[in-house]
Amino acid sequence: MLGCAHAGLVNILRLVRERTGEERIFAILGGTHLGFAGEAEFEEAVAALQKCGVEKIGLSHCTGLAQAARLHARLGPRVTFAAVGSVLEI
């Protein structure tokens, strides 16, 4: 779960994998802070999400609607905008 990923989504994914010893991350929920990302950072984040095998991505606030739409276009239906009250079905 992310509040607002000021530390960088890629850095957070890397830290979670190091601390848990798991390569795969099932779900990401929250603000990815990609609404403020340049093209290189966006592409690095997409690659990291694919590498981690993330199956459910519930985006919110600081991801921004434009970047959320780009993520959905690249990663498909596993990406959704998770507004208040959204339910993640596993």
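The values are calculated or read from the model by the stated rules, or taken from the named source; none is laboratory data. These numbers come from a predicted model, not from an experiment. A quick note on method: Cβ atoms are made from the backbone with ideal geometry, for glycine too, and the neighbour counts reach across all protein chains shown.
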Practice prompt. Hey, could you check region 50-90 for residues that are in contact with a strand residue (DSSP E or B) (Cβ under 7 Å, 6 or more places away or on another chain), among the hydrophobic types (A, V, I, L, M, F, W, C) and not in a loop (DSSP other than H, G, I, E, B) and say which is farthest from Gly3 (Cα to Cα)?
Written response: Leu75
Discussion item. Would you confirm whether or not region 31-43 contains a residue that is of a type in the set (Gly, Ala, Ser), closer than 19 Å to Gly3 by Cβ and in contact with a Cys (Cβ under 8 Å, 6 or more places away or on another chain)?
Written reply: yes
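Take the residues of region 13-25 that are more than 10 Å from the chain's Cα centre (by Cα) and outside any loop (DSSP other than H, G, I, E, B): which is nearest to Val46 (Cα to Cα)? Give the derivation first.
Quick first cut of region 13-25, residues more than 10 Å from the chain's Cα centre (by Cα) only: 14-25.
Still in the list and also outside any loop (DSSP other than H, G, I, E, B): 14-20.
Values: Arg14: 13, Leu15: 17, Val16: 17, Arg17: 16, Glu18: 19, Arg19: 21, Thr20: 21 Å.
If we take residues in region 13-25 being more than 10 Å from the chain's Cα centre (by Cα) and outside any loop (DSSP other than H, G, I, E, B), then Arg14 is nearest to Val46 (Cα to Cα).
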Worksheet item: What number of residues within region 33-49 are charged (D, E, K, R) and not in a helix (DSSP H, G or I)?
Response: 0
Fill in: region 42-68 residues that are on the phi > 0 side of the Ramachandran plot and modelled with pLDDT of 95 or more, paired with ones that are charged (D, E, K, R) and outside any loop (DSSP other than H, G, I, E, B) (beta carbon under 6 Å, 6 or more apart)
none
Worksheet item: If you scan region 1-17, which residues turn out to be touching a residue at least 40 places away in the same chain (Cβ under 8 Å) and exposed (fewer than 13 other Cβ atoms within 10 Å of the Cβ)?
Response: none
